[in-house]
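Would you mind keeping the following structure in view while I ask a few things?
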Amino acid sequence: MRKLLAIWVGKLLTLAGHIIGKKSSSSPGEYALRICPDLVRDLNKYIKKSVIVTCGTNGKTTTNNLLCSALEAKGYKVLCNRLGANMLNGVATAFLQAASITGKLEADYACLEIDEAYTRIVFDYVKPDVMVITNLFRDQLDRYGEIDITSNILKEAIAKVPGIKLVLNGDDPLCVQFGREAGAIYYGISEKVLPQLDDTKEGRFCPVCGAQQKFNYYHYSQLGDFYCPSCGFKRPEIDVEVKNVSLKTPMRFTINGQPMEINYKGFYNIYNIIAVYGALEAVGESTDGFEGLLAGYKPQIGRMQEFAFKKPVILSLSKNPAGFNQAISTVNTDDRKKDVIIAINDLANDGRDVSWLWDVDFDKVKDENLNTLTTTGIRKWDISLRFKYADIMPDFITSDMKEAVLKALDTDSEVVYVLVNYTALFPTEGVLNELLKERGNE
């Protein structure tokens, strides 16, 4: 009865949330777990085939949802926390929303995005068959601490599920370390694609012996063809291999010799795509026609999301140094005249510590096609100061995102990029949708 009551309360809260315009991605589960703490403990018994979890600093929402879409395109019923609520209450919300009022749930697969710091908690309730780890970068230092703390949490979680299949980014030494004992499917990009710029590397030191690693080539941060000259730890043999990369729109490349063409922006999206390819192989699903499975996928909010004004406005979530550097790189590959708006908040979900701003290569924002730069958000003065030290003076500093967007829309640029961190994302989306109603594509 406690379980049924929890599901009923969760469903009512979901309905109430939708009525007042909330997404209801985690709070229904939070209240349901208070009623029945074991609500999701037996989730595995409802899943006919496999439970697949996706973790990692960047790309886990895109990877998880893309995997869900690929499985649904094959005709499967999939349980998924699509909105990115990735703690235990988010998993509980996804479960109760998919369950019937009698507590029954039938699904072929579960695709669950899980916060790295919560894996050891969630794995006490849900036993995944497959675990995808996308990458490990510094993120929210006041919450996660340094990367070795996150690595230790993930090792503890993996040890709780004997026989778990790992799908790991073979270009990231911090991910490869998890497969040294358990074995894994590794995915990677097996050629030099990007200019070899001296950007910030998160995992410079070997996770085995602590010596500084070297690279035959790298893509960004610590991702690349790495090796340790001291102990011999190195990039493993790659099972899901990308070659023949063209970053022009649309992007083209091959996966294990299979040609792909996608309209997504951002080099980093190749990693998300091949993580999905690896996960499909891990659960024994065919990858024939994989390009077609990608065609119907629509990225989540803020993943280079385009709004159709008189000139396009592109919204991108960028919440840590590695993510921001890749967003800036993507902006700079666009040779149109552009306005750039950057919003930084420091609420609890962002992390209160904004010292990470000094690890972002903001000097690269100033390319020859930059028209105006606007800074906004709760920490607008911090990001403006950071730009000053990069010898870039913002053209506008404002607390009002709507004002920032209106100014950019009225310039003679050809495109507007809005880069925001986490708690600025949904309010900015709201502003852009409101302006679409007011102005359309005038």
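The values are calculated or read from the model by the stated rules, or taken from the named source; none is laboratory data. What you are looking at is a predicted structure, and each value in this text was computed from that prediction instead of being measured. Here Cβ is always computed from backbone atoms with ideal geometry, including for glycine, and neighbour counts include all displayed protein chains.
If Thr423 satisfies all but one of (1) under 22 Å from the mean Cα position of the chain (by Cα); (2) of a type in the set (Val, Ile, Thr); (3) over 29 Å from Thr249 (Cα atoms); (4) at pLDDT 95 or above, what's the number of the condition it fails?
(4) is the only condition that Thr423 fails.
Taking Tyr187 and the conditions (1) surrounded by fewer than 24 Cβ atoms within 10 Å (Cβ to Cβ); (2) of a type in the set (Phe, Trp, Tyr); (3) modelled with pLDDT of 95 or more, which numbered condition does it fall short on, given that it satisfies the others?
Tyr187 satisfies all of (1) surrounded by fewer than 24 Cβ atoms within 10 Å (Cβ to Cβ); (2) of a type in the set (Phe, Trp, Tyr); (3) modelled with pLDDT of 95 or more except (1).
Given Asp239, Asp225, which one is under 30 Å from Asp335 (Cβ atoms), among the acidic types (Asp, Glu), assigned by TED's automatic domain parsing to the domain that holds Thr150 and surrounded by 15 or more Cβ atoms within 10 Å (Cβ to Cβ)?
Going through Asp239, Asp225 in turn, the sole match is Asp225.
Another question, if that's okay. Collect the residues in the range 190-201 that are modelled with pLDDT of 95 or more and of a type in the set (A, V, I, L, M), keeping them in residue-number order.
None; the set is empty.
Let me spell it out: the conditions are (1) closer than 29 Å to Phe267 by Cβ; (2) touching a strand residue (DSSP E or B) at 6+ places or on another chain (Cβ under 7 Å); (3) of a type in the set (Gly, Ala, Ser); (4) part of a helix (DSSP H, G or I), and Ala94 meets all of them except one. Which number is the exception?
The single condition Ala94 does not satisfy is (1).
What single numbered condition from (1) free of Cβ contacts under 8 Å to residues at least 40 places away in the same chain; (2) under 18 Å from Gly56 (Cα atoms) fails to hold for Tyr277?
Condition not satisfied by Tyr277: (1).
Within the group Ser69, Ser26, which residue is closer than 30 Å to Glu429 by Cα, under 16 Å from the mean Cα position of the chain (by Cα) and either assigned by TED's automatic domain parsing to the domain that holds Gly323 or touching a residue at least 60 places away in the same chain (Cβ under 8 Å) (or both)?
Checking each option against the conditions leaves just Ser69.
Turning to a different aspect of this structure: Just name the residue that is nearest to Asn349 (Cα to Cα) out of those in the range 42-59 that are touching a residue at least 40 places away in the same chain (Cβ under 8 Å) and assigned to a helix (DSSP H, G or I).
It comes out as Leu43.
For Phe396, which of the numbered conditions (1) surrounded by fewer than 20 Cβ atoms within 10 Å (Cβ to Cβ); (2) under 17 Å from Ala327 (Cα atoms); (3) among the hydrophobic types (A, V, I, L, M, F, W, C) fails to hold?
All conditions are met except number (2).
Follow-up question, since we're still on this one. For the range 387-420, which residues satisfy the criterion of being under 27 Å from the mean Cα position of the chain (by Cα), among the β-branched types (Val, Ile, Thr) and within 20 Å of Phe362 (Cα to Cα)?
Val415, Val416, Val418, Val420
Can you name every residue in the range 100-116 that is hydrophobic (A, V, I, L, M, F, W, C) and buried (at least 23 other Cβ atoms within 10 Å of the Cβ)?
Hits for the range 100-116 are Ala110, Cys111, Leu112, Ile114.
Another question, then. Restricting to the range 60-91, give me the number of residues that are surrounded by fewer than 24 Cβ atoms within 10 Å (Cβ to Cβ), small (Gly, Ala, Ser) and not in a loop (DSSP other than H, G, I, E, B).
Counting residues in the range 60-91 that are surrounded by fewer than 24 Cβ atoms within 10 Å (Cβ to Cβ), small (Gly, Ala, Ser) and not in a loop (DSSP other than H, G, I, E, B) gives 2.
Go through Ile189, Ile185 for me and flag whichever is closer than 21 Å to Ile328 by Cβ, β-branched (Val, Ile, Thr) and in contact with a helix residue (DSSP H, G or I) (Cβ under 7 Å, 6 or more places away or on another chain).
Ile189
Output the residue which, of all residues in the range 6-23 that are buried (at least 17 other Cβ atoms within 10 Å of the Cβ) and of a type in the set (Gly, Ala, Ser), is nearest to the chain's Cα centre (by Cα).
Checking each candidate, the answer is Gly10.
Take the conditions modelled with pLDDT of 95 or more, surrounded by fewer than 22 Cβ atoms within 10 Å (Cβ to Cβ), within 28 Å of Val360 (Cβ to Cβ) and in contact with a strand residue (DSSP E or B) (Cβ under 9 Å, 6 or more places away or on another chain) and apply them to Arg204. Does it pass?
no
Check Asp335, Asp288 and return the single one that is in the same structural domain as Ile189 (by TED's automatic domain parsing), surrounded by fewer than 18 Cβ atoms within 10 Å (Cβ to Cβ) and acidic (Asp, Glu).
Asp288
Return the pair list, or none, for Cβ contacts closer than 8 Å from residues in the range 215-231 that are in contact (Cβ under 8 Å) with a residue 12 or more places away in the chain and under 12 Å from Arg204 (Cβ atoms) to residues that are β-branched (Val, Ile, Thr) and surrounded by fewer than 22 Cβ atoms within 10 Å (Cβ to Cβ), at least 6 apart or on different chains.
Pairs found: Ser221/Thr200; Cys228/Val208.
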